[in-house]
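Following: one structure in structure tokens, then a few remarks.
The values are calculated or read from the model by the stated rules, or taken from the named source; none is laboratory data. Predicted, not measured: the structure shown is a model, and the values here were computed from it. Heads up, the Cβs are rebuilt from the backbone with ideal geometry, glycines too, and the neighbour counts pull from every protein chain shown. These accessible areas exclude ligands, DNA and RNA; they are computed on the full protein's heavy atoms, side chains included. Shrake-Rupley method; radii C 1.70, N 1.55, O 1.52, S 1.80 Å.
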Amino acid sequence: MSETPIPVPLRHRPTVGGLVVPWITVQMPDGRYRFGAIDADRLRTAFIDHLCQICGEQMSRLFVFAMRTVDFERLISTEPAMHPECARYSVTACPMIAGNMTHYHAQASDAPESAGDPHGARPGHRAHEWRLLWTTGYRTTLDPRTRTPAAEIPIELLQRVQRIKPPTPDR
């Protein structure tokens with residue numbers, strides 16, 4: 001598998017194994033980053049202050065959300081928005097969003113202050129299909145299912161929806 005080129009706006013971010021570490025990713029006490037675990041404080045800050053979850057910079061007038069089908073149906077994103085360029089990078093670089101993983105990691109996050117799967121429902125389960133949603137705004141809310149910070153996308157602000165390839169089937 002070839003390495004995904006890192007766009008210029010993301011070159012300030014740390015990398016692990018050739019992948020950019022998203023700004024919302026948990027950093028463990030020993031300095032390692034825990035891909036798939038979300039820093040609860042940064043998650044909240046990104047939603048409230050309109051920061052990109054990947055680069056950590058201020059969002060402009062176009063927000064791109066990566067949403068699982070279950071969240072798309074509700075128009076509630078449990079992950080903060082991204083700049084269009086950061087979203088393009090994520091669609092190819094993130095193995096989960098790109099559909100290259102068939103299942104979530106079997107073990108729940110051991111990261112302190114982690115958010116994203118507060119009830120531990122994902123470990124070992126089949127990966128979800130993802131979509132990208134372009135919108136001109138959102139409302140900060142609490143996800144009714146998890147009571148964690150989220151973005152509610154008003155239908156009138158929705159600009160475009162792109163289906164990302166489904167997870168690679170088990171072989």
Quiz item: Looking at region 19-31, which of its residues are surrounded by fewer than 12 Cβ atoms within 10 Å (Cβ to Cβ) and within 21 Å of Pro95 (Cα to Cα)?
Solution: none
Quiz item: Filtering region 1-18 down to residues that are in contact (Cβ under 8 Å) with a residue 60 or more places away in the chain and touching a Lys or Arg at 6+ places or on another chain (Cβ under 9 Å), which residue is least open to solvent (accessible area, probe 1.4 Å)?
Solution: Pro7
Practice problem: Note down all Cβ pairs under 7 Å where the first residue falls in region 134-150 and is over 25 Å from Val91 (Cα atoms) and open to solvent by 60 Å² or more (accessible area, probe 1.4 Å), the second is of a type outside the set (A, V, I, L, M) and assigned to a strand (DSSP E or B), and they're at least six residues apart or on different chains. | Solution: Leu142/Pro149
Quiz item: Residues of region 37-66 being modelled with pLDDT of 95 or more, part of a helix (DSSP H, G or I) and buried (at least 16 other Cβ atoms within 10 Å of the Cβ), which ones?
Solution: Arg42, Leu43, Arg44, Thr45, Ala46, Phe47
Quiz item: In region 67-89, what residues are within 21 Å of Gly18 (Cα to Cα) and either open to solvent by 40 Å² or more (accessible area, probe 1.4 Å) or in a strand (DSSP E or B) (or both)?
Solution: Met82, Glu85, Arg88
